[in-house]
Amino acid sequence: MQYMLLIYENEEIFGGPEKNGPIMAEVGPKHFAFIGEMGAARLGGAGLKGTAFATTVRTENGQQAIHDGPFAETKEQLGGYYLIDVPDLDAAIALAKKVPLGRDGAIEIRPLIPMPPGMTR
Amino acid sequence: MGGQALEAAFREAGGRIVAALAARFRDLDMAEEAFAEACSRAAKAWPLSGTPNEPAAWLYRIAERAALDTVRRRQVRQTLFPDPPEPEPTAEELMSSDDAIIPEERLRLIFVCCHPAVAPDSRAALTLRLVCGLEIAEIARAFLTNDIALQQRLVRAKRKIREAGVSFEVPGPEHWPERLGAVLSTLEVAYSKAHEDAAGSGRHAGFAAEMLALTGLLASMMPDEAEVQALAAIIRFAEARRPARLAADGSMIPLSEQDPARWSAELIADARRHCGRALSIGSPAPRILNMMIHALWCGRKSLEDPPPWKAVLSAYDLLAGLQDNPIVTINRAVALAEVEGPEAALRAIAGLDPARFATFLPYQALLADLLARTGDVEGARAAFDRALALEPGMAEARYLAARRAALSGA
């Protein structure tokens with residue numbers, strides 16, 4: 001079976017949305033150790049920059065709108081994800097707008113925290 | 001001399017320099033800091049060595065070097081998380097062509113500042129700060145907020161742009177339908193915020209020149225976009241009337257009482273060119289109707305010409321049909337009062353909740369005027385007091401105070 005582990009924490013403890021504060025310096029190496037421990041079980045993963053850097057493409061009644069900020073509704077649930085590598089946010093938005101949806105929904109675009117050299121996702 | 005020359009160079013070229021640096025280094029903070037550094041070096045150097053022949057080019061070169069220094073320092077510091085490849089230094093190449101030394105990148109910067117991923121309430125402030133070079137305190141005043149709150153808003157917006165990877169490219173025409181709206185409304189808000197004070201301090205001249213240049217630039221780049229042409233026309237019509245907005249005693253003169261002879265014929269002619277272009281493309285957008293209202297007023301040749309209230313009212317009728325907007329309701333009521341009388345205008349604004357508009361100056365000023373004209377002296381006096389308590393600009397305050405003093409029995 002394949003599973004996705006979604007990490008929920010209070011992002012404020014990480015020293016701002018860049019997440020480069022002392023707590024990250026403490027937790028970061030633990031993640032790298034954990035990556036080693038998971039070995040081949042780990043298919044990928046990454047840290048996300050804070051919600052202050054999120055952009056959301058919202059679809060309502062077939063109309064798409066882009067806005068600053070994270071996904072904020074409660075009537076929808078996380079249903080899937082795509083990991084993409086594109087030149088900039090505009091390219092990410094262009095792809096986000098093409099993500100098929102059953103009806104209404106939102107695609108939250110979150111930049112990844114860059115990996116240190118030598119590490120792979 | 002150095003101080004004046006610096007101030008002039010800052011006003012004339014500040015926005016253009018910051019935009020060029022931002023486009024080159026893909027970093028708004030770095031562009032701002034490098035430009036500030038260049039200005040502080042100029043403040044020290046120019047009084048001693050004299051003002052350079054090309055002050056703007058001097059500032060740009062020094063700022064560019066300061067930015068390159070920052071790039072190098074960051075590279076050394078961030079060896080673990082290196083920045084993406086830095087732009088190649090081209091200072092030497094640029095030294096050779098003095099005229100073309102500062103690339104025109106303001107349009108690009110406007111698209112960055114007005115990106116849909118930037119919070120809407122930050123876009124205009126960011127544009128005023130980066131593209132037009134207004135001081136934090138000036139912008140904070142225009143947006144009725146304090147310096148610290150505004151500064152925080154700008155910092156958040158700039159971090160978002162950097163960390164989320166907002167593109168520094170001008171989007172292709174296929175993206176204009178969704179991107180242009182934000183740009184135009186941001187420029188509109190930016191212009192109206194800085195335009196509100198009829199007295200328009202010395203600072204305004206530079207800002208107005210900047211807005212004329214920017215909208216002209218947009219209009220020449222997008223000749224087939226009706227709304228771009230309309231905005232260029234609107235700003236030209238509005239700026240054309242500036243010389244006639246103030247009475248000798250410093251109080252504001254309402255539009256219908258301004259002497260058309262004092263309007264700028266040159267700007268009106270320029271506005272009409274954009275206006276004609278917009279109409280030939282054709283679009284029923286609210287911005288086109290707003291442009292037509294400006295055009296109607298600026299068609300007046302002298303104070304003897306009857307004011308075009310009827311035509312203005314028809315345009316507001318159409319506008320009211322397109323958008324349910326209290327500003328339109330209020331402006332339409334102003335015209336309605338002239339065409340059908342103050343009672344009709346009072347009925348037209350009866351649907352607006354007085355509590356919601358208690359702190360909205362145009363509403364209180366209109367209400368005061370209408371009540372005064374229907375003979376409700378007490379009601380009018382109270383409305384004038386509420387309007388004056390909202391601390392309007394100097395010119396408007398003088399006008400309102402004079403109207404209040406003229407109430408019979410006052």
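Nothing in this text is a laboratory measurement; each read-out follows from the coordinates by a stated rule. Everything numeric here is computed off the predicted structure, so don't read it as measured data. Here Cβ is always computed from backbone atoms with ideal geometry, including for glycine, and neighbour counts include all displayed protein chains.
Near B:Ala405, once Lys and Arg are set to +1 and Asp and Glu to -1 for all other residues with Cβ below 11 Å from its Cβ, the sum equals +4. Each 5 Å bin, from zero up to the one with the longest distance, holds this percent of the alpha carbon pairs of the stretch A:38-121: 3, 12, 23, 24, 17, 11, 7, 3, 1, 0. Relative contact order of chain B: 11 percent, from C-alpha pairs under 8 Å at least 6 residues apart in sequence. Put in line by how crowded their Cβ is, counting other Cβ atoms within 10 Å and starting with the fewest, B:Cys114, B:Cys39 read B:Cys39, B:Cys114. The calculated P(r) of the stretch A:1-43, using every Cα pair and 10 Å bins from 0, goes 24, 44, 28, 3 in percent. By the helix-only formula, in which each DSSP H run with n ≥ 4 contributes -39500 (n - 2.57) and the sum is divided by residues, chain A has a 222 nm mean residue ellipticity of -6500 deg cm²/dmol.
Sorted by average packing, counted as other Cβ atoms within 10 angstrom per residue and highest first, what order do A:73-81, A:49-57 take?
Details: A:73-81: 8.6, A:49-57: 21.7.
For the peptides A:73-81, A:49-57, the packing ranking is A:49-57, A:73-81.
Largest mean-square fluctuation among B:Gly393, B:Gly133, B:Gly165, in a Gaussian network model of chain B whose springs join Cα atoms under 10 Å apart, belongs to B:Gly165. Semi-axes of the equivalent ellipsoid of the stretch B:256-410 are 30, 19, 14 Å, computed as sqrt(5λ) over the eigenvalues of the C-alpha gyration tensor in descending order.
Determine the alpha carbon to alpha carbon distance for each of A:Lys49/B:Lys158; A:Lys19/B:Lys158; A:Lys75/B:Lys160; A:Lys19/B:Lys160; A:Lys49/A:Lys97 and list only those over 24 Å.
Details: A:Lys49/B:Lys158 15 Å; A:Lys19/B:Lys158 16 Å; A:Lys75/B:Lys160 27 Å; A:Lys19/B:Lys160 13 Å; A:Lys49/A:Lys97 21 Å.
The pairs that break the limit, which is 24 Å between Cα atoms, are A:Lys75/B:Lys160.
Rounded to 0.05, the FRET efficiency of the B:Glu266 and B:Ala5 pair, given R0 = 25 Å and the Cβ-Cβ distance, is 0.35.
Compared with the rule-of-thumb size 2.2 N^0.38 Å for a compact globular protein, the protein assembly as shown has a Cα radius of gyration ratio of 1.13. The alpha carbons of chain B stretch over 74, 47, 41 Å along the principal axes, in descending order.
Here the sum of -39500 (n - 2.57) over DSSP H runs of 4 or more residues, divided by the residues of chain B, equals -22000 deg cm²/dmol at 222 nm, to the nearest 500.
Evaluate peptide B:111-122: per residue, the Cβ atoms of other protein chains within 10 Å of its Cβ; return the mean as an integer. Spell out each step's value before the answer.
On the way: counts 1, 0, 0, 0, 6, 9, 14, 3, 3, 2, 1, 1.
The mean count of partner-chain Cβ atoms within 10 Å per residue comes to 3.
Spatial offset of the stretch B:170-187 relative to the stretch B:311-356 amounts to 30 Å, using the alpha carbon center of each.
Where is the GNM fluctuation largest for chain B (alpha-carbon springs, 10 angstrom cutoff): B:Ile148, B:Ile101, B:Ile136? Evaluated over chain B, the most mobile residue of the options is B:Ile148. Label sites at A:Leu43 and B:Glu169, each approximated as a point 7 angstrom past Cα along Cα to Cβ, lie 3.1 nm apart. Considering only B:Ala355, B:Ala140, B:Ala244, the mean-square fluctuation computed in a Gaussian network model of chain B, springs between alpha carbons under 10 angstrom, is largest for B:Ala355. Cα centroids of the stretch A:20-48 and the stretch B:214-257: 57 Å apart. When B:Glu227, A:Glu26, B:Glu12 are arranged by Cβ crowding within 10 Å, least crowded first, meaning fewest neighbours, the order is A:Glu26, B:Glu12, B:Glu227.
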